[in-house]
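This report concerns only the one structure given below.
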């Protein structure tokens, strides 16, 4: 009794699969070109000029924007030393000891406690 129903269902599904395949094969695929986007290279705000600005830019902007760094709370020299040391030890920032001192000096001057 179920055999004729099963045969009919399989026939319908097969017909549907063939019709769908034919419709998909006949329908042209429309590709829409992606619009070009120009990024504002060089227009982003950077670190204020001064001794060490080039060192902090070359070491820190691999992970942080200048804006992100400059919007941190003002800290003492010791606190900035702790932050820079954490970047080196915990996050494996490839900063030399000489550059770390320059970065701490720069941050203490630009974002030090008032």
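The values are calculated or read from the model by the stated rules, or taken from the named source; none is laboratory data. For clarity, every value in this text was computed on a predicted model and none was experimentally measured. All Cβ positions, even for glycine, are placed from backbone atoms using ideal geometry, and neighbour counts span all protein chains on display.
Please identify the pairs in which a residue from segment 50-65 that is in a helix (DSSP H, G or I) has its Cβ atom under 6 Å from the Cβ atom of a residue that is exposed (fewer than 12 other Cβ atoms within 10 Å of the Cβ), counting only partners at least 6 apart or on another chain.
Listed pairs, sorted by first residue: none to list.
When you look at residue 78, is it out of contact with any helix residue (DSSP H, G or I) (no Cβ under 6 Å at 6 or more places or on another chain), assigned to a helix (DSSP H, G or I) and either surrounded by fewer than 10 Cβ atoms within 10 Å (Cβ to Cβ) or at pLDDT 75 or above (or both), yes or no?
yes
Could you list, in sequence order, all residues of segment 84-101 that are closer than 12 Å to residue 60 by Cα and assigned to a helix (DSSP H, G or I)?
Scanning segment 84-101 gives 84, 87, 88, 99, 100.
Which of the residues that make up segment 66-114 are touching a residue at least 12 places away in the same chain (Cβ under 8 Å), more than 26 Å from the chain's Cα centre (by Cα) and farther than 18 Å from residue 48 by Cβ?
If the condition is that a residue be touching a residue at least 12 places away in the same chain (Cβ under 8 Å), more than 26 Å from the chain's Cα centre (by Cα) and farther than 18 Å from residue 48 by Cβ, then 76, 81 are the ones that fit.
From 20, 7, 14, 69, grab the single residue that is modelled with pLDDT under 80, out of contact with any strand residue (DSSP E or B) (no Cβ under 8 Å at 6 or more places or on another chain) and surrounded by 10 or more Cβ atoms within 10 Å (Cβ to Cβ).
From the options 20, 7, 14, 69, the qualifying one is 20.
State whether one or more residues within segment 89-96 are at pLDDT 95 or above and buried (at least 18 other Cβ atoms within 10 Å of the Cβ).
Yes: segment 89-96 contains one or more residues that are at pLDDT 95 or above and buried (at least 18 other Cβ atoms within 10 Å of the Cβ).
With the condition kept exactly as written, say whether any residue in segment 24-47 is in contact with a helix residue (DSSP H, G or I) (Cβ under 7 Å, 6 or more places away or on another chain), within 30 Å of residue 107 (Cβ to Cβ) and at pLDDT 80 or above.
yes
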